[in-house]
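The values are calculated or read from the model by the stated rules, or taken from the named source; none is laboratory data. Worth saying up front: this structure is predicted, and the values here are computed from it rather than measured. Glycine also receives a Cβ, built like all others from the backbone with ideal geometry; neighbour counts cover every protein chain displayed. The area values use the complete protein model at the heavy-atom level, side chains included, leaving out ligands, DNA and RNA. Shrake-Rupley method; radii C 1.70, N 1.55, O 1.52, S 1.80 Å.
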Amino acid sequence: MKVEEVIGVRLTSRDVEWLAWMSRWRAVTAYQVVAWFDPDSATLVKQVERSCRRFRELGLVESAKLLGDRPMTHSVTREGLRVVEIEHAGRRPVVGTLHHDLAVVDCATWLHHRRSIGSFMTEVEIRAIDPPRAEFPEFALRAAPGAGRAILYPDLVTVHEQGLLAHEVELARKDRTRAVALMETYALSSRYLRVAYYGAPGVRKGLEEAAEKANKVVAGSGPKVFVRGWEWEERP
């Protein structure tokens, strides 16, 4: 890739690697970049922050302090996506969902390092593959009645020989009927082997009750909906 011919300056292979990874999410913090690539580094955060300033000057990322309790977040622009040869339009951060979006990045990092999951699809990537009007979505699902949406896009999907595994991060309580309908969507799917919901402490009990009800639709074949705790370490 002749990056210097595209933007008039030279990017290192590490710059390109960071940009490509950042493009998988709506937004990330410098700490999350470090947590993924080198969690034991004591100096890499400052290097990432310097690179993000450079990316911003080049129009490759947009940066903003959108949450009072989290550091500045960075999202890759269309020009940045073009530089790393990613064809989808990306997804801009939304303040109302940003806590959740950052938590999903933390969850993925935990799965990658602590559970040795090397390959997965993110919601941004799934939306690029399965637009809302896709006739035969590959990873997205037609939501069950009562789910409050027509299409269900998982937070994360891991691909295994036996089938697909979905991972959902939940920070806030959902209406019980809606939660059960979303879980039943996975339970009734022939493509998904199971789904794990990672619930913050205040919502876990409600998720467990909804999962118990959703699993009844596949009684006799074993549960497909599982609820996990907030098992990863929260990062800045």
Evaluate segment 12-27: report whether one residue or more is closer than 27 Å to residue 169 by Cα, hydrophobic (A, V, I, L, M, F, W, C) and open to solvent by 60 Å² or more (accessible area, probe 1.4 Å).
no
Anything in segment 162-172 that is open to solvent by 50 Å² or more (accessible area, probe 1.4 Å) and of a type outside the set (A, V, I, L, M)? List them, or say none.
162
Single match in 53, 114 (criterion: in contact (Cβ under 8 Å) with a residue 12 or more places away in the chain and open to solvent by 60 Å² or more (accessible area, probe 1.4 Å))
114
All conditions in (1) without any contact (Cβ under 8 Å) to a residue 24 or more places away in the chain; (2) open to solvent by 80 Å² or more (accessible area, probe 1.4 Å); (3) among the hydrophobic types (A, V, I, L, M, F, W, C) are true of residue 134 except (2)
Within segment 173-213, which residues are open to solvent by 80 Å² or more (accessible area, probe 1.4 Å), in contact with a Phe, Trp or Tyr (Cβ under 7 Å, 6 or more places away or on another chain) and either closer than 12 Å to residue 223 by Cα or among the hydroxyl-bearing types (Ser, Thr, Tyr) (or both)?
194
Between a first residue in segment 143-163 that is under 22 Å from residue 103 (Cα atoms) and a second residue that is among the acidic types (Asp, Glu) and part of a strand (DSSP E or B), which pairs have beta carbons less than 6 Å apart while being 6 or more apart in sequence or on different chains?
155/168
Hey, residue 172 among the aliphatic types (A, V, I, L, M) and modelled with pLDDT of 95 or more or not
no
